[in-house]
């Protein structure tokens, strides 16, 4: 059965004076999706998120969230969304409990104490609930931001760089939390951390200079990276004939010799030709042979540098 | 969902906020000390010298205190939200612009109301000294409350205009002083002497004078035109402030 589309973004454009912050972006996010929003600084990720969350109005195009239009039914959209803005702003003078209570009241949550207890447990804030927000570490502040975004158990969760600046343990905790709650929600997260997209997201969109460059699954994106299925072969003794034979294969784009015995073989079609190479080196002495999986980082650089150049 | 969705939540947060930091208490202390001193001082209110059971000395100097202290209350209301980024959080909650703006305004106004209520010892004092005109005292307090609301609405607009609280404070003091000065005899005389338009300007400035309308109430005159004047002034500044904030909130 087709999953329900919760966020539908169609051809949105937004300019600030002469600068096109978002230029004709369209995508859909279904229930159960964890949608990674990738792009260099100033790419338009935050602007797009602000449009979806009704903080900004688009110049043209349409956004609907759970069937509600962001321009004509803004309050209903905001009720459906949980949002963690970049840098997780919160009222510093309030205690964690007081802040969560304020957000819950603003969102008309029915059972506020139960909702606070649920998100405090989910985000591991038990130790600091009575502290004021301004006294918390960056990691805890980010968790408070996550807790407020989850307080009304929203269908759509939008997280602007949720793990930025967190230590590895805190990053793992947040990523684990996102994975746990993802089943019944549509989650959009923007990030610079490409490992996070590989680990958490089932779809990724790369934008640069406000334009959509790629919309696909992280696995597919990795397969499109220039280093996908590159074979690293280290032979025990220099063998020019073998190198020439491999380079002459019709699937081989190029063979890079790092040393006389250490080669990298780039396939034209990004396909896996490990078996062919194994057959060619059969009977010869080799130190090691390995095939690389494409890295998002590589593709990200290829694509965004291409645009920014 | 109404036009004022979120007003109650914002009001509660803001009102409690005044008492969550020392700033609110510092304001109250300064207000009460300044109010008390200007009332009893031989150079200003001469409350003890005039030997009347009247709060006129107290009310006479309230505009001068408000013109400095109310902008101090108003300056953080939006400037701080915009500077710290919480404005983004606030406007992505299901809260309308009107709900949040009025919630903040009413909380600030209620806080100023608390400050006025804390001047009750001066009322007890005049009651002990003689037989005061309770009607005049009531309209005087009403006028003071309305004047505080007008200055607060002015201050909120400038707080929405800039992220810098100091700039907001200076601009709202300047605007409040200008409005207050419109009704001063020297100002009216100056503009009245301008050729051709002087008479009109004098009439306009006199009609816009905060002092005149405020003193009507402190003299015990409860007139509809005075209440309407303050209502229009407050609503006008609030409306302009909302439009401004809507344009600038994301900048």
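The values are calculated or read from the model by the stated rules, or taken from the named source; none is laboratory data. Keep in mind that what you see is a predicted model, and the values were worked out from it rather than measured. No Cβ is skipped: glycine too gets one built from the backbone with ideal geometry, and neighbour counts run over all protein chains shown.
So which residues in region A:211-234 are modelled with pLDDT under 90 and more than 17 Å from residue A:28 (Cα to Cα), if there are any at all?
A:219, A:220, A:221, A:222, A:223, A:224, A:225, A:226, A:227, A:228, A:229
Just to confirm my filter: which helices (runs of 4 or more DSSP H) fall fully inside region B:1-68 and include at least 2 residues that are loosely packed, with under 14 Cβ neighbours inside 10 Å?
Ranges flagged: B:22-40, B:47-50.
Quick one: residue A:80 ticks every box in (1) touching a residue at least 24 places away in the same chain (Cβ under 8 Å); (2) touching a helix residue (DSSP H, G or I) at 6+ places or on another chain (Cβ under 9 Å); (3) within 13 Å of chain B (Cβ to nearest Cβ); (4) buried (at least 18 other Cβ atoms within 10 Å of the Cβ) except a single one, so which number is it?
Of the numbered conditions (1) touching a residue at least 24 places away in the same chain (Cβ under 8 Å); (2) touching a helix residue (DSSP H, G or I) at 6+ places or on another chain (Cβ under 9 Å); (3) within 13 Å of chain B (Cβ to nearest Cβ); (4) buried (at least 18 other Cβ atoms within 10 Å of the Cβ), the odd one out for residue A:80 is (2).
Has region B:82-95 got any residue that is surrounded by fewer than 19 Cβ atoms within 10 Å (Cβ to Cβ), in contact with a helix residue (DSSP H, G or I) (Cβ under 7 Å, 6 or more places away or on another chain) and touching a residue at least 60 places away in the same chain (Cβ under 8 Å)?
no
Show me the strands (runs of 3 or more DSSP E) entirely contained within region A:252-309 in which 3 or more residues are exposed (fewer than 15 other Cβ atoms within 10 Å of the Cβ).
A:252-257, A:286-291
What about residue A:158, is it within 23 Å of residue B:84 (Cβ to Cβ) and more than 14 Å from chain B (Cβ to nearest Cβ)?
Taking the combined requirement at face value, the residue does not satisfy it.
Can you pull out the residues in region A:44-77 that are out of contact with any helix residue (DSSP H, G or I) (no Cβ under 9 Å at 6 or more places or on another chain) and within 25 Å of residue B:84 (Cβ to Cβ)?
Selection gives A:44, A:45, A:46, A:47, A:48, A:49, A:51, A:74, A:75.
Would you call residue A:242 under 30 Å from residue A:194 (Cα atoms), in contact (Cβ under 8 Å) with a residue 40 or more places away in the chain and not in a loop (DSSP other than H, G, I, E, B)?
no
For region B:93-200, list the helices (runs of 4 or more DSSP H) that sit wholly inside it and hold at least 3 residues that are modelled with pLDDT under 95; which are they?
In region B:93-200, the matching helices (runs of 4 or more DSSP H) lie at B:120-129, B:134-161, B:165-181, B:185-192.
From the set of residues in region A:104-119 that are farther than 20 Å from residue A:139 by Cα and part of a helix (DSSP H, G or I), which is farthest from the other protein chains (Cβ to nearest Cβ)?
A:114
Looking at region B:1-30, which of its residues are farther than 17 Å from residue A:102 by Cα and more than 9 Å from chain A (Cβ to nearest Cβ)?
Of everything in region B:1-30, those that are farther than 17 Å from residue A:102 by Cα and more than 9 Å from chain A (Cβ to nearest Cβ) turn out to be B:2, B:3, B:22, B:23, B:24, B:25, B:26, B:27, B:28, B:29, B:30.
Residues to consider are A:134, A:196; find the one that is at pLDDT 90 or above and not in a loop (DSSP other than H, G, I, E, B).
Result of the check over A:134, A:196: A:134.
Conditions first: (1) crowded, with 18+ Cβ neighbours inside 10 Å; (2) in contact with a helix residue (DSSP H, G or I) (Cβ under 9 Å, 6 or more places away or on another chain); (3) within 14 Å of chain B (Cβ to nearest Cβ). Residue A:6 passes all but one, so which condition is the exception?
Going through (1) crowded, with 18+ Cβ neighbours inside 10 Å; (2) in contact with a helix residue (DSSP H, G or I) (Cβ under 9 Å, 6 or more places away or on another chain); (3) within 14 Å of chain B (Cβ to nearest Cβ) one by one, residue A:6 breaks only (3).
What single numbered condition from (1) in a loop (DSSP other than H, G, I, E, B); (2) more than 10 Å from chain B (Cβ to nearest Cβ); (3) within 15 Å of residue A:143 (Cα to Cα) fails to hold for residue A:89?
Among (1) in a loop (DSSP other than H, G, I, E, B); (2) more than 10 Å from chain B (Cβ to nearest Cβ); (3) within 15 Å of residue A:143 (Cα to Cα), the lone unmet condition for residue A:89 is (2).
Given the criterion more than 22 Å from residue B:103 (Cβ to Cβ), buried (at least 20 other Cβ atoms within 10 Å of the Cβ) and modelled with pLDDT under 90, identify the matching residue among A:174, A:128.
Criteria check complete, one pass: A:174.
Hey, among A:232, A:224, A:203, A:209, which residue is over 30 Å from residue A:187 (Cβ atoms) and touching a strand residue (DSSP E or B) at 6+ places or on another chain (Cβ under 9 Å)?
A:232
Per-residue answers, yes or no, for (1) over 21 Å from the mean Cα position of the chain (by Cα); (2) at positive phi:
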residue	(1), (2)
A:45	no, no
A:51	no, no
A:66	yes, yes
A:73	yes, no
